[in-house]
Amino acid sequence: MNLYRWFGRGWLSLGYLFLYIPIFMLIIFSFNNSRQDMIWSGFTFHWYEALSTDHEIISGFALSFKIAFLSACSAVVLGTLAAFVLNNYKRFSGRALFKGMVSSPLVMPEVIIGLSLLLMFVSFEKLFGFPERGLFTIWFGHTVLGMAYATVVIESRLQEISKSLSEAAMDLGCKPYQVFTLVTLPNITQALASAWLLTFTLSLDDVVLSAFLTGPGYSTMPIVIFSRARLGLDPRVNVVAALTILVVSIGVIVSSWWIVRNERLRQKQISAAFHAED
């Protein structure tokens, strides 16, 4: 048994090394004094200082952050509504079609989604003069993609909630919207937070949809980085990646701590309720 255990741990360690060594190397070389990534010529903060005056990357990051925030919020709202319908209404006309349309972005290539949305927006612009490609179109595309992921996360949590809770609330006089706001939402807050973080991350680093739906003057951070990578290595890209990893790591640690804390608090409340009944 010890041999199998160490074998499994060894493979797991190799898998983690395969995934994280490139990230660690990227962070290390963001402090490299040379423009050539594979030649270490000394430690410096020069590229961090150079990034502070790079208005293209800064504006691209601001645009990406704004779009990611808006699309995460809208995707979670729409995903919550879709998950609630799919979980609570098992039979209604067009349910299979609705579920298929909600889930299709999960399995459909982003190139197809981006091209379809581009053709739709171009047609609308010719007919109505709106919308011009830019922040709105990118936000719309990211919301379509993020909603599918948010629906899966939230629906899985809704399936774990006992229906006896909502039935008891309705027996006590709660109306359906009160059941949703007072019973359902407090029990899915962790799923909402997870779905928000997931859709925010997907939007922040999306290249394909942004490339199809962007317009003049609206270059997101991934598009800026991708365009520079094609022209050659730029150490400022390493700096952007290192700072992004730092921010994301802090966000993951804080959110994980918050989720674990709330879960322990919820378990304590459930245990206290059972003891009170006894």
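Using the structure shown, select from K90/K175; K66/K90; K175/K268 the pairs with a Cα to Cα distance greater than 32 angstrom. Listed pairs above 32 Å: K66/K90.
If I ignore ligands, DNA and RNA and count only protein heavy atoms, how much of D205 is accessible to a 1.4 Å probe, in Å² to the nearest 10? Surface open to solvent at D205 totals about 100 Å².
Backbone geometry of the range 196-202 corresponds, through the Karplus equation with coefficients 6.51, -1.76 and 1.60 at θ = phi - 60°, to 3J(HN,Hα) couplings of 5, 5, 5, 5, 4, 5, 4 Hz, x marking Gly and Pro.
From the Cα gyration tensor of the range 1-160, with a ≥ b ≥ c the square roots of its eigenvalues, which class applies: rounded if a/c is under 1.5, or else prolate if a/b is larger than b/c, or else oblate? The shape class here is oblate.
How do 90-97, 246-253 rank on mean C-beta neighbours within 10 Å, highest first?
Listed from highest to lowest mean packing, they are 246-253, 90-97.
Seen against the Cα atoms of the chain and their longest principal axis, helix 2-29 is set at about 50 degrees.
To the nearest 500 deg cm²/dmol, what mean residue ellipticity at 222 nm is calculated for the chain from DSSP H runs of n ≥ 4 alone, each contributing -39,500 (n - 2.57), summed and divided by the residues?
Numbers: 12 runs with 215 residues, N = 278.
Only helices count here, giving -26000 deg cm²/dmol.
Taking only protein heavy atoms and a 1.4 Å probe, what accessible area per residue, in Å², does the range 93-133 have with all protein chains in place? Don't jump to the answer; show the numbers that get you there.
Values: 2900 Å² over 41 residues.
Here the residues of the range 93-133 average 71 Å² of exposed surface.
Between rounded, prolate and oblate, where does the chain land on the alpha carbon gyration tensor, with a ≥ b ≥ c its root eigenvalues, rounded for a/c under 1.5, else prolate if a/b exceeds b/c? Because a/c hits 1.5 or more and a/b fails to exceed b/c, the chain counts as oblate.
Using a 1.4 Å probe over the heavy atoms of the protein chains, calculate the carbon and sulfur portion of the accessible area of the chain as a whole percent. Walk me through the intermediate numbers first.
Details: 12350 of 17660 Å².
Carbon-and-sulfur percentage of accessible area, whole number: 70.
Rounded, prolate or oblate: which fits the range 77-226 when a ≥ b ≥ c are the square roots of the eigenvalues of the alpha-carbon gyration tensor, with rounded for a/c under 1.5 and prolate only if a/b beats b/c? Present the calculation step by step, with values, prior to reporting the outcome.
Working: a/c = 2.56, a/b = 2.07, b/c = 1.23.
Since a/c reaches 1.5 and a/b is larger than b/c, the shape of the range 77-226 is classed as prolate.
In degrees between 0 and 90, to the nearest 10, how far off the longest principal axis of the chain does helix 221-231 point, with axes built from Cα atoms? Relative to the chain, helix 221-231 is tipped by roughly 30 degrees. Ranked by the mean number of other Cβ atoms within 10 Å of their residues, highest first, the peptides 22-29, 190-197 come out as 190-197, 22-29. Across the range 204-220, computed HN-Hα scalar couplings (Karplus, 6.51 cos²θ - 1.76 cosθ + 1.60, θ = phi - 60°) run 5, 10, 6, 10, 5, 4, 4, 5, 6, 9, 7, x, x, x, 10, 9, 6 Hz from first to last residue, x flagging Gly and Pro.
Between W11 and I270, what is 0.36 nm times their sequence separation minus the Cα-Cα distance? Round to one decimal in nm. Numbers along the way, then the final one.
On the way: separation 259, 0.36 × 259 = 93.24 nm, distance 3.91 nm.
Computed gain between W11 and I270 is 89.3 nm.
With all protein chains in place and ligands, DNA and RNA left out, the 1.4 Å accessible area ranks F180, F45, F140 as F45, F140, F180, largest first. Ranked by the mean number of other Cβ atoms within 10 Å per residue, highest first, peptides 117-124, 158-165 order as 117-124, 158-165. Rounded to the nearest 10 degrees, the inclination of helix 95-107 to the longest alpha-carbon principal axis of the chain is 20 degrees.
The values are calculated or read from the model by the stated rules, or taken from the named source; none is laboratory data. Computed from a predicted model, the values in this text were never measured in an experiment. Note that we place each Cβ from the backbone using ideal geometry, even for glycine, and neighbour counts take in every protein chain shown. For the accessible areas, the whole protein counts, side chains as well, though only heavy atoms, and no ligand, DNA or RNA atoms are used. Shrake-Rupley method; radii C 1.70, N 1.55, O 1.52, S 1.80 Å.
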